1. Name, by its number, the condition in (1) at pLDDT below 95; (2) under 10 Å from the mean Cα position of the chain (by Cα) that does not hold for A26.
2. Filter segment 6-39 down to the residues that are hydrophobic (A, V, I, L, M, F, W, C) and not in a loop (DSSP other than H, G, I, E, B), then identify the one that is surrounded by the most Cβ atoms within 10 Å (Cβ to Cβ).
3. I need a count of the residues in segment 55-65 that are loosely packed, with under 12 Cβ neighbours inside 10 Å and either in contact with a strand residue (DSSP E or B) (Cβ under 7 Å, 6 or more places away or on another chain) or not charged (D, E, K, R) (or both).
4. Return a yes/no flag: does segment 41-54 have any residue that is part of a helix (DSSP H, G or I), in contact with a strand residue (DSSP E or B) (Cβ under 9 Å, 6 or more places away or on another chain), open to solvent by less than 70 Å² (accessible area, probe 1.4 Å) and among the small types (G, A, S).
Amino acid sequence: MEEEDRLHFRSFLANSEIIDEPEGRATYGSDETEDYHFQPDIVLKPSTKEAVAKIVKHCNSRCIPVYTSG
C-alpha cells in the first residue's frame, strides 16, 4: 500500500476509523483457528455503507486485497 492510498482513505474516514500503527494492526493479523499471523498494512473501520463502497472501489482499482472482519 502506497502513501497515496492512505491519504485517500484519510480524505473521507475519521481518525478513529483508521488503524495505521503496527501495535494497533497486530491484533487484526490472525484469528483463533490457526497460529498464522499476517499483519495488515492498514485497518479501516468504516461507519457507513458509502464509506465501505469507496474503500472497495479504490482497492479494486489499485489491486489492493480487502479482507473483512466481524
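1. The number of the failed condition is (2).
2. Looking only at segment 6-39, we keep the residues that are hydrophobic (A, V, I, L, M, F, W, C), and these are 7, 9, 12-14, 18-19, 26, 38.
If we keep only those that are not in a loop (DSSP other than H, G, I, E, B) as well, we get 7, 9, 18-19, 26.
Details: L7: 9, F9: 20, I18: 17, I19: 18, A26: 14.
Looking at residues that are hydrophobic (A, V, I, L, M, F, W, C) and not in a loop (DSSP other than H, G, I, E, B), I get F9.
3. Number of matching residues: 4.
4. yes
The values are calculated or read from the model by the stated rules, or taken from the named source; none is laboratory data. It should be emphasised that the depicted structure is a prediction, and the values quoted were computed from it without experimental measurement. All Cβ positions, even for glycine, are placed from backbone atoms using ideal geometry, and neighbour counts span all protein chains on display. Heads up: the accessible areas ignore ligands, DNA and RNA and are worked out on the full protein's heavy atoms, side chains in. Shrake-Rupley method; radii C 1.70, N 1.55, O 1.52, S 1.80 Å.
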